[in-house]
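S.K.: Structure in structure tokens, see below.
The values are calculated or read from the model by the stated rules, or taken from the named source; none is laboratory data. All values reported here derive from a predicted model rather than from experimental measurement. All Cβ positions, glycine included, derive from the backbone under ideal geometry; neighbour counts span all protein chains shown.
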């Protein structure tokens, strides 16, 4: 018996399917290992990261309500950016104390503010607009005055 008859008689199709699935799963595992290899090498080169990771977990368990500290950067704005910041300040006055960025962007678009995405990004980087703990954003009037007067 030769050919396809011999394959059918001796479970050749099942053996070939098992072989193909073993090779395929081996290739998938190999690709996953290679894609995550840089993380393992970084931990091997800097073992202090592992200790820092475990110590951070203990600190988070002890102090879950500790706010994240952000550095405030006082940016030097051009005159046009200062004018656009004043427009954003007027728009924020119409909103509540805690507002969402999509709503502020919608108001800026309706009001005709130039380059409202990039100028809002500047306000976020300078921490004039900062996130609160509820997923909304707030306006820091004192920092805004310092930035505008600088």
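S.K.: Looking at 133, 118, which is the one that is in a loop (DSSP other than H, G, I, E, B), surrounded by fewer than 12 Cβ atoms within 10 Å (Cβ to Cβ) and out of contact with any helix residue (DSSP H, G or I) (no Cβ under 8 Å at 6 or more places or on another chain)?
M.R.: On the way: 118 fails: in a loop (DSSP other than H, G, I, E, B).
After applying the criteria, what remains is 133.
S.K.: Of the residues that make up the stretch 75-87, is at least one under 26 Å from the mean Cα position of the chain (by Cα) and modelled with pLDDT of 85 or more?
M.R.: yes
S.K.: Could I ask something else about it? Looking at the stretch 97-113, which of its residues are part of a loop (DSSP other than H, G, I, E, B), over 26 Å from the mean Cα position of the chain (by Cα) and surrounded by fewer than 12 Cβ atoms within 10 Å (Cβ to Cβ)?
M.R.: Initially, the stretch 97-113 is screened for residues part of a loop (DSSP other than H, G, I, E, B), giving 97-98, 100, 112-113.
Adding the requirement that they be over 26 Å from the mean Cα position of the chain (by Cα) leaves 112-113.
Within the stretch 97-113, just 112 meets the criteria.
S.K.: Out of the stretch 132-150, which residues are farther than 16 Å from residue 86 by Cβ and modelled with pLDDT under 90? Lay out the reasoning, then the answer.
M.R.: Initial filter on the stretch 132-150 (farther than 16 Å from residue 86 by Cβ): 132-138.
Once the filter is applied, which keeps residues that are farther than 16 Å from residue 86 by Cβ and modelled with pLDDT under 90, the stretch 132-150 yields 132, 133, 134, 135.
S.K.: So is residue 52 outside any strand (DSSP E or B), modelled with pLDDT of 80 or more, over 22 Å from residue 133 (Cβ atoms) and under 22 Å from the mean Cα position of the chain (by Cα) or not?
M.R.: Values: outside any strand (DSSP E or B): yes; modelled with pLDDT of 80 or more: no; over 22 Å from residue 133 (Cβ atoms): yes; under 22 Å from the mean Cα position of the chain (by Cα): yes.
Answer is no for this residue.
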